[in-house]
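Just so it is clear, none of the values below were taken in a lab; they were calculated from the coordinates. Model, not experiment: these values are computed from the prediction. Every residue, glycine as well, gets a Cβ built from its backbone with ideal geometry; the counts of neighbours run over all protein chains shown.
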Amino acid sequence: MLVIVKETYDAMSKEAARLVADRLRKKPNMVLGLATGSTPLGLYKELIRMHRDEGLDFSKVSTFNLDEYVGLPPTHDQSYHYFMRENFFKDINLDVRHIHVPQGMAKDIDAFCAWYEKRIAEHGGLDLQVLGIGGNGHIAFNEPGSSLGSRTRIKTLTGTTRMDNARFFKTKEEVPRYAITMGVGTIMDAKELLLLANKTGKADAVKAAVEGPITAMCPASIIQMHAKAFVFVDRDAATKLTGNYNDSWESKIFQ
Ligand code: PGA
């Protein structure tokens, strides 16, 4: 794992974007796994800038999103379809036929999940998966206790995750109870992982994921088993880390 600590959220986001752009230039038809949430917004903003100012080309890229709420249509302003369109897709030149976001309105959820896994495999697997981390150590909607070998499936959201996300809904009750999420095993099959975390509220989760024991109680800790995982943190999220970490992903010193 390569841990990169930057002074600010902005610097962290730009450093992560440089890595994504590097991989995209090397493989124009890369298969990119994407995440929602407040954390990757800076990364998406910088990739949009690179597309606009430097001609970074997404036309051959295929994307797969980590998760989606069950029961929210793509038009709902809290659906992850909507989030991705508004915060990333509408401002780059992705081919809409190459975009994959789990279907929260699928009638047969199990069949949909099996199809999603098949679709990723048909694309040759994920080249690079972007990840956030929950305050409780979740990755995607793989909450504490999730099988570390799990595949795409429906999951019940924990009370803390529903509370964390309640800020986006008018009332707490409106926060969906279920989500479709890539499994921990699905994520671990990606050739590279890029986990982002900022703010002090993530410091304990980052510490547990990077320096704690590998445990299903902190699903993010499984990244310690990945051969090419990059962890980008800002100074605030790094406060609990005790290791000696890097300034750039180009340092190539994998711990
Ligand atoms: P956040 O969520 O980026 O909104 O903090 C991250 C997550 O829960 O995975």
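Against the globular-protein guess of 2.2 N^0.38 Å, express the Cα radius of gyration of the stretch 133-177 as a ratio, rounded to two decimals.
Compactness ratio reported: 1.19.
Among Lys107, Lys191, Lys207, which one shows the biggest mean-square fluctuation in a GNM of the chain, springs joining Cα atoms closer than 10 Å?
Of Lys107, Lys191, Lys207, the Gaussian network model singles out Lys107 as fluctuating most.
Near Lys27, which lysines are there with a Cα under 16 Å away, not counting those fewer than 8 places off in the same chain?
Counting by Cα, and skipping residues close in sequence, Lys27 has these lysines nearby: Lys60, Lys191.
If you take the Cα Rg of the chain and divide it by 2.2 N^0.38 Å, with N the number of residues, what do you get?
0.94
Treating only the Cβ of Lys, Arg, Asp and Glu as charged (+1, +1, -1, -1), what charge dipole size does the chain show about its Cα centre? Round to the nearest 20 debye.
140
By the gyration tensor of its Cα atoms, with a ≥ b ≥ c the square roots of the eigenvalues, what is the shape of the stretch 108-255: rounded for a/c under 1.5, prolate for a/b over b/c, or oblate?
Taking the square roots of the gyration eigenvalues as a ≥ b ≥ c, the stretch 108-255 is oblate.
Under 13 Å between alpha carbons, and skipping anything fewer than 8 positions from Lys14 in its own chain: which aspartates and glutamates qualify?
Here the aspartates and glutamates satisfying the reach criterion relative to Lys14 are Asp22, Glu46, Asp234, Asp247.
Can you list the lysines whose alpha carbon sits under 18 Å from that of Lys155, skipping same-chain ones fewer than 8 residues off?
Correct list for Lys155: Lys107.
In a shell of Cβ-Cβ distance under 15 Å around Lys118, excluding Lys118 itself, what net charge do Lys and Arg (+1) and Asp and Glu (-1) give?
Net local charge, Lys118 excluded: -2.
Tell me whether the stretch 41-82 comes out rounded, prolate or oblate; compute the Cα gyration tensor, take square roots of the eigenvalues as a ≥ b ≥ c, and use a/c under 1.5 as the rounded threshold.
prolate
Report the label-to-label distance for Asn29 and Thr75 in nanometres (one decimal), using points 7 Å from each Cα along the Cα→Cβ vector.
Label-label distance for Asn29 and Thr75, simple model: 3.5 nm.
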